[in-house]
Amino acid sequence: MWDPWADTRASEELRLRLKWFLLGRVAVISCFLGMVAFSYLRSGEERYVISVNRLLFAIILTYAFSLVSALLLPRLRRLDFFTHVQVAFDVLLISGVVFLTGGIGSPFAFLYSLPIVNSAVLLFSGGALLSALLSALAYDGLMAILASGLVVAPSLLLPSELDLQAGLRMATMNLTFFLIAYLAGILTRRLHAAELLLKERQAEREQMTVLQNTLAQTIGSGLVTTDPEGRITSIDEIARRLSGVGDAIVGSDIGSIFPPLRLAPSARLRFLQSSGGLEPIEFHHQRGDGQASHLRCVAAPLEDTYGHRFGALYVLQDVTRLKELEERDSSPVDIEDLCRDDLDEAAEMAEAANGLYGISASIRQVRNTIDRVAASDATVLIGGESGTGKEVVARAIHARGPRRDKPFVAINCGAIPEHLIESELFGHVRGAFTGAVADRPGCFRSADGGTVFLDEIGELPLHLQVKLLRVLQERVFRPVGSETSIAVDVRIIAASNRDLHAQVQAGLFREDLYYRLNVITIDLPPLRERREDIPLLVRHFLRQFSDLHGRRVSRFSVAAGRLLLKHDYPGNVRELENLMEHAVALCDGETATEEHLPPYLSNGHARVNGHAAALPDVRPSTETRATSSAPLPESVDLERDLAEYEKAILLRALDQAGGVKKRAAEILGINYRSLRHRLQKYGLGDVDEPSPTVQ
């Protein structure tokens, strides 16, 4: 690919070399012409007499041409032709010197090596060979002209004709020209490569210096370096603040500032000789200003390019707030946590990099499992109730693994009509069925090199479970309507809110597929079992939706906090998220009250996944409403009640959208295909488009 900046840099480098070339020409030619003037004009021997006018003309011509070239050089853009002209002038100038100083007997024929070497410096190997050819032609041509008698040299050293000795001398000179060109080309090419390598190393060092400075300023941890004896050689502002000591720190022993880091001479020697450094340690530190903090330190030896250890690096981090959160882990949830707005920092510290908020033991265990399994390609099965964050966990595993830069493709097996699932998963070719007007790659092919997340895997039909099993075993599948198998490299993560083992026992799920999926299992706890995480989740969602809707809601009233804490959250985190958006949308101040929460929290109705926050006027069926405020009967049909509730939401969304299905899908926060599938499921309307039929 053409790089204009590279051309510009090369042109500027050539321009700089030409400046030195012109200066060197004036110096060298002046020196040698001066030697000629001294040797020939002051010599008492008649055979060395040279015309002073010719000599002065050569000097003036050289200076004039060099001066004009120096004036033109800054104004020229394309320097290749200009460089060849300079080399040609040097060859002609040296030919003139040889002519004036004796022709074939001239002692200055070696000066032809100068334009050859200069061409190698300016134009590299090609220029050197071209200059050698030009020098050979000029030298041989001059000798031929002098031998023919057409021009008479002013020197007496010219033989009357070209004999064998003169021919051998000319051949030797020509061979010398090309040998010098070859050697000069090799030398300049290596010098140029060394120069480029030196510039690259210099640029890398500059980038590394900038990176180190930026890292030291933004890492949020203190950095301290010491010499092999443990004396501090540098300390940044964060570490200086953590130490609580004044400015006179450099030169002090690090053990006098942070006593737990003091090492005996033998231990320090072992530390400097190790490759992994010290194990991370945590310690209490009493600062000079009287304040106490809990610090975490990681240390590693420093070595130069040759592997010589010249000191150590210490990275200090203040983990006081994290320790406070751990101490609060076993304490009951305080309603005041929902009614305060000073927990932002604690919430941010408790937030995991994988997006799972919480300080409960169960969430910490999930985070640890994610960290352990992310680096492998093992299949993961995620279980848990709806709304517990199964896709969040799947994305976290993908983001922390080696496939993070490859696609993450998620598909909900329960939201796609059965006759379209195979096409969605494995793709199809054009003409495979009615409506297949173009090839479709499918999820597995789109995720090649990355991760496929199969949500609600328990909804997958049995005949497709067989095909999925083959993909898990061989990573090969065949698109619908194709006769060619396709191999893919994907990691598979599956999730289900159902008990797949029970489905296997009931014959609804293949046993071999279940054990193939169940390599690593992560079970997500429902929100009602980790109530200590509710305050952190509430703070997070309040900030999120306040920024989204341009509000500044930061807390709940005591009464609203009680409602949030005693609710069982059948919709789990997703329901809580929708409750927070509902409250932020209705609240105009900083404190949300029970009036800003959906009514069902007050009267005891349970809404699944928080859909009521988006459609507050929706109510379950008459039978469900009659029983929701009373104690549950001995026999409860949860699937039936949920189906009636979902049907009520669909009808309300269609009514609110004026019968426009795409608009209803937007209101419900689902895609149009999922809405059509749900309408078909409950017989709530005809599908506008004909369903494709597999041929």
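Coordinate-derived values only; no laboratory data. This one's a predicted model, so the numbers in the text were calculated from it and none came from an experiment. Here the Cβ is made from the backbone with ideal geometry for all residues, glycine too, and neighbour counts use every protein chain on show.
Taking θ as phi - 60° and the Karplus parameters 6.51, -1.76 and 1.60, the scalar couplings of region 76-86 work out to 8, 9, 9, 9, 5, 4, 4, 5, 5, 4, 4 Hz in sequence order, x denoting glycine and proline.
Net length available on complete extension from Leu23 to Arg552 is 183.3 nm, with 0.36 nm assigned per residue and the Cα-Cα distance removed. Here the simple spin-label model places points 7 Å from the Cα toward Cβ, and for Ser125 and Gln505 these points are separated by 7.8 nm. On full extension, the segment bounded by Arg15 and Ile60 gains 13.8 nm, given 0.36 nm per residue less the C-alpha separation.
Neighbours of Pro525 by Cβ distance under 14 Å: Lys/Arg scored +1, Asp/Glu scored -1, total 0.
Relative to the Cα centre, the charge distribution of region 361-524, modelled as +1 at Lys and Arg Cβ and -1 at Asp and Glu Cβ, gives a dipole magnitude of about 480 debye. Were the residues from Ser482 through Val85 laid out at 0.36 nm apart, the gain over their Cα-Cα distance would be 136.3 nm.
The protection proxy used here, the mean number of other Cβ atoms lying within 10 Å of each residue, ranks peptides 248-258, 192-202 as follows, highest first: 248-258, 192-202. Under 11 Å from a point placed 7 Å out from the Cα of Gln365 along the Cα-to-Cβ direction: which residues of region 492-533 have their backbone N that close? The answer is 523-525. Model label sites at Thr591 and Lys681, defined 7 Å from Cα along the beta-carbon direction, differ in position by 4.2 nm. Shown in residue order for region 562-567 are the 3J(HN,Hα) couplings computed by the Karplus curve 6.51 cos²θ - 1.76 cosθ + 1.60 at θ = phi - 60°: 4, 4, 5, 6, 8, 6 Hz (x for Gly and Pro). Dividing the Cα radius of gyration of region 361-524 by its Kirkwood radius returns 0.97 for Rg/Rh. Ranking Leu464, Asn368, Val429 by how far each Cα lies toward the positive end of the dipole of region 361-524 (charges on Cβ) leaves Asn368 at the top.
Cβ-Cβ distance of Tyr306 and Arg400, R₀ of 41 Å, FRET efficiency by 1/(1 + (r/R0)^6): the value works out to about 0.70.
Taken along its three principal axes, the alpha carbon spread of region 519-558 comes to 45, 25, 10 Å, from the longest extent down to the shortest.
Computed packing ranks the peptides 469-482, 377-390 as 377-390, 469-482, most packed first, by mean other Cβ atoms within 10 Å. With a Förster radius of 30 Å applied to the beta-carbon distance between Arg201 and Leu76, the computed FRET efficiency rounds to 0.40. Say R0 is 25 Å: what FRET efficiency, to the nearest 0.05, do Val298 and Ser376 get from their beta-carbon distance? So the FRET efficiency works out to roughly 0.50.
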